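Each remark here refers to the structure printed beneath this line.
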Amino acid sequence: MLIFLDIETTGLEQNDKMVSIALLNATTKEYKYELLNEGKKIPPEASSIHHITNEMIHKKLAFIQSESYQYLQKHNTQENILVAHNSQFDLQMLFATGIEWQGGVIDTLRTTKHLIPECELFSLQILRYELRLYKQEEALIKEYGIKDALFAHHALSDALVVELLFHYLQDMASIDEMQLLSSKNVLLTKLNFGKHKGKYIEEIAYNDRAYLEWMLQSLSDLDDDLKYSIKYYLQG
């Protein structure tokens, strides 16, 4: 069974907390969407992205008391597969609140990097437009019977896009292959930020090695695949 997941949080640091969660069961067409209160204030920067305020979660339950927690625990078996965009972050959030996922995992972020490297930018919303996934959204919303008002960075909306992206990738790889790719580092070729944005990492390693070494030492939030790629090209 496939369960599509999206989580919104108070931020992207290790000590940040969940503020909403969405789950889609592709087999039964069940869905869960809940606001959560994990006891951490939502900063304005986070609210500006997912539009969840402290007033909205004031009287909400903690994740461990929620229906979504019970649902995930019930289906937390080796037979089931969790599908998420940047699954490592979501799994860390679940683990911090009491769920160590026992089933399979498909990371649509890493799988897309492997299968469609020409995209170069891999955020869920960019891929939504790049691959024209939005064209199938209304049909999928009707399948689930969802009546909520949806928008980008709403957990339920993003979970739907994750499912659409998964179906897109299925034309290129099987479920087993996607699980394998999800656990395999991607060798990136270009930097997509910083003073060398758009340049080949191999070229930077030759011309400005110190910059890449500084990135590894100073930027604690570097993407795992970027770390892997920088180390690969530095080693020659």
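In region 51-83, the residue that is modelled with the highest pLDDT out of those that are in contact with a Ser or Thr (Cβ under 7 Å, 6 or more places away or on another chain) and outside any loop (DSSP other than H, G, I, E, B) is Val83. Restricting attention to region 94-148, the residues that are among the acidic types (Asp, Glu), touching a helix residue (DSSP H, G or I) at 6+ places or on another chain (Cβ under 7 Å) and either within 24 Å of Asn76 (Cβ to Cβ) or not in a loop (DSSP other than H, G, I, E, B) (or both) total 3. Identify all residues within region 197-236 that are modelled with pLDDT of 90 or more, open to solvent by less than 50 Å² (accessible area, probe 1.4 Å) and touching a strand residue (DSSP E or B) at 6+ places or on another chain (Cβ under 7 Å); write none if there are none. If the condition is that a residue be modelled with pLDDT of 90 or more, open to solvent by less than 50 Å² (accessible area, probe 1.4 Å) and touching a strand residue (DSSP E or B) at 6+ places or on another chain (Cβ under 7 Å), then Ile201 is the only one that fits. For region 51-95, a tally of residues being open to solvent by 50 Å² or more (accessible area, probe 1.4 Å) and touching a residue at least 40 places away in the same chain (Cβ under 8 Å) returns 4.
In the set (1) touching a Pro at 6+ places or on another chain (Cβ under 8 Å); (2) surrounded by 22 or more Cβ atoms within 10 Å (Cβ to Cβ), Gly11 fails one condition alone, (2).
Checking each residue in region 149-160 for being touching a Ser or Thr at 6+ places or on another chain (Cβ under 9 Å) and either outside any loop (DSSP other than H, G, I, E, B) or of a type in the set (S, T, N, Q) (or both) picks out Ala155, Leu156.
Against the definition (surrounded by fewer than 18 Cβ atoms within 10 Å (Cβ to Cβ) and either within 24 Å of Gln14 (Cβ to Cβ) or in contact (Cβ under 8 Å) with a residue 24 or more places away in the chain (or both)), how does Gln125 come out, yes or no?
The answer is yes for Gln125.
Would you confirm whether or not region 160-180 contains a residue that is within 18 Å of the chain's Cα centre (by Cα) and more than 23 Å from Pro117 (Cβ to Cβ)? Taking every residue of region 160-180 in turn, at least one turns out to be within 18 Å of the chain's Cα centre (by Cα) and more than 23 Å from Pro117 (Cβ to Cβ).
The values are calculated or read from the model by the stated rules, or taken from the named source; none is laboratory data. Given the structure is predicted, the values throughout are model-derived calculations rather than measurements. Reconstructed Cβ throughout: ideal geometry from the backbone, glycine too, with neighbour counts over all protein chains shown. Just the protein is used for accessible areas: all its heavy atoms, side chains included, with ligands, DNA and RNA removed. Shrake-Rupley method; radii C 1.70, N 1.55, O 1.52, S 1.80 Å.
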